[in-house]
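First up is the structure itself, then whatever we jot down about it.
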Amino acid sequence: MASDHQATVEREVLEIQRNIKRIGQVGEDGKHSVKFGVLFEDEKVEQYYEAIVGTLKAAKKRGYIDFKGQMLLKGAHDDVDVILVNETLPEGE
């Protein structure tokens, strides 16, 4: 049971990286980023994640993404940048 949950979290952490690259922009520092509100409202994101906020927290805890604060809430944090800081996608993705 715990291993199933862990596998789901790992899969979602990889997918959130793909989504940030897909809908985000590359900054001057070469890192992909997207506003939380844009990410949250993306149709593919809405359909894929059961709890996007939990996935973002897990990805941040693992050092793959960064954003200001501990948690992001729709509406209040729509303009907060979610930044891909340590990409772990397979090469070529």
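Here the Karplus curve 6.51 cos²θ - 1.76 cosθ + 1.60, taken at θ = phi - 60°, turns the phi angles of segment 39-48 into couplings of 4, 4, 8, 5, 4, 5, 5, 4, 7, 7 Hz, with x standing for Gly and Pro.
Build a GNM of the chain with springs between Cα atoms under 10 Å apart, and of Asp42, Asp29, Asp81 the one that fluctuates most is Asp29.
Considering helices alone, the calculated mean residue ellipticity of the chain at 222 nm is -14500 deg cm²/dmol, with DSSP H runs of length four and up weighted by -39500 (n - 2.57) and normalised per residue. If Lys and Arg each add +1 and Asp and Glu each add -1, what is the summed charge of the other residues whose beta carbon sits under 15 Å from the beta carbon of Glu41? Combined, the nearby Lys, Arg, Asp and Glu give -1. Taking the empirical scaling 2.2 N^0.38 Å for compact globular proteins as reference, segment 2-84 has a Cα radius of gyration ratio of 1.02. Given a 10 angstrom Cα cut-off, can you work out which residue in Gly54, Gly30, Gly63 is the most mobile in a GNM of the chain? Result: Gly30 has the largest fluctuation of those listed.
Sorted fewest first by neighbouring Cβ atoms within 10 angstrom, Leu84, Leu89 come out as Leu89, Leu84.
All of the numbers you see were taken from the coordinates with simple rules; none came from a lab. These numbers were taken from a predicted model, which means no experiment stands behind them. Virtual Cβ from ideal backbone geometry, glycine too; neighbours counted across all protein chains shown.
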